[in-house]
1. Would you check which residues across segment 137-147 are in a loop (DSSP other than H, G, I, E, B) and within 12 Å of LEU40 (Cβ to Cβ) and list them?
2. With the condition kept exactly as written, say whether any residue in segment 222-238 is touching a Gly at 6+ places or on another chain (Cβ under 9 Å) and surrounded by fewer than 14 Cβ atoms within 10 Å (Cβ to Cβ).
3. Find all pairs meeting these conditions: Cβ atoms under 9 angstrom apart; at least six residues apart or on different chains; first residue within segment 191-203 and of a type in the set (Asp, Glu); second residue at pLDDT 95 or above and surrounded by 13 or more Cβ atoms within 10 Å (Cβ to Cβ).
4. For residues that are surrounded by fewer than 19 Cβ atoms within 10 Å (Cβ to Cβ), at pLDDT 95 or above and part of a helix (DSSP H, G or I), tally how many sit in segment 198-220.
5. Pull up segment 17-57, narrow it to residues that are β-branched (Val, Ile, Thr) and outside any loop (DSSP other than H, G, I, E, B), then point me to the one that is farthest from the chain's Cα centre (by Cα).
6. I'm checking my understanding of the structure. Among residues of segment 148-170 that are touching a residue at least 24 places away in the same chain (Cβ under 8 Å) and assigned to a strand (DSSP E or B), which one is surrounded by the fewest Cβ atoms within 10 Å (Cβ to Cβ)?
7. Given (1) of a type in the set (Gly, Ala, Ser); (2) under 20 Å from TYR188 (Cβ atoms); (3) in contact with a Lys or Arg (Cβ under 9 Å, 6 or more places away or on another chain); (4) surrounded by fewer than 23 Cβ atoms within 10 Å (Cβ to Cβ), where does GLY145 come up short, assuming only one miss?
8. Looking at segment 78-136, what helices (runs of 4 or more DSSP H) fall wholly within it and have at least 1 residues that are among the hydrophobic types (A, V, I, L, M, F, W, C), under 29 Å from VAL38 (Cα atoms) and out of contact with any helix residue (DSSP H, G or I) (no Cβ under 8 Å at 6 or more places or on another chain)?
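The values are calculated or read from the model by the stated rules, or taken from the named source; none is laboratory data. As the structure is a prediction and not an experimental result, all values here were calculated from the model. Positions of Cβ are generated from backbone atoms using ideal geometry, with glycine treated the same way; all protein chains shown enter the neighbour counts.
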Amino acid sequence: MIKEFLSQREKEKYFRSLSEEQKAVALNEIVDQSEHIVFLGGAGVSTESGIPDFRSKNGLYHKKGRRFARYQPEYLLSSDCLYRKPEVLFDYFRRNLDCRAVKPNTAHYKLAWMEQKGKLDGIITQNIDGLHQKAGSRNVQEIHGSALRSHCVSCWTEYGADFIFESKDPIPVCPACGKMVRPEVTLYGEVLPDEAYGNAIHLIQDADCLIIGGTSLEVGTAAGLAHQFHGKHLIIINKGKTKMEGKADLVFHDSIGKILNLIE
């Protein structure tokens, strides 16, 4: 069992001394000892399902194509674009963010299993693909919204996953009132959804173990939430370097699904 440490320095020295095999054992011991585990995930969770992230070499940021070459990547997913050039945003959205047929990967299924076993309080995700829910997770806080939901900007009638993607109109129109139907995605320039973000803060603040996966914590939202954590154990899983690694007990630069599958 992981011992009690007399100081933060002693704790850091202990975890830094572990081999990869010992880290796997420590991971299971932390999970066993923790009563309120929360997972905070970013784009790296879904890249293993084939969904590109935004800023990596193969991400959407670098693959706009000639059709959208004149626009900055952030503009194509901004509230400014939605209301000034909606036909551009919807064209880009349909071509790049249709995740309806994408299937969950090992990480999604393992997190759902952890929740079902009572080992995970909830998931906070920056992703908009709905893959956690597809895998069976119930308490999922989508702090950037979802590409699988949409609503009318005027009468607020809600529509499902197919409405925008199947619409033949360049700008999808509400059958009820004739106004624009937009995706329930938090665009650049918009505030985060109050309920999801509030729930996320409560999850983080009540957690005694936070697992961060698939995010470099470069985006202010995720970094801000991570800094709300004051529990006992912090675990980071990301192929690249991640901010806050110096504060983490365990750091794994590997596949999220592979590391989560070490949990028994």
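1. The one that is in a loop (DSSP other than H, G, I, E, B) and within 12 Å of LEU40 (Cβ to Cβ): ILE143.
2. Within segment 222-238, none of the residues are touching a Gly at 6+ places or on another chain (Cβ under 9 Å) and surrounded by fewer than 14 Cβ atoms within 10 Å (Cβ to Cβ).
3. Matching pairs, first to second residue: GLU195/GLN141.
4. Residues that pass the stated criteria total 6.
5. Here the residue is VAL25.
6. Restricting to residues being touching a residue at least 24 places away in the same chain (Cβ under 8 Å) and assigned to a strand (DSSP E or B), the top hit is HIS151.
7. (3)
8. 106-116
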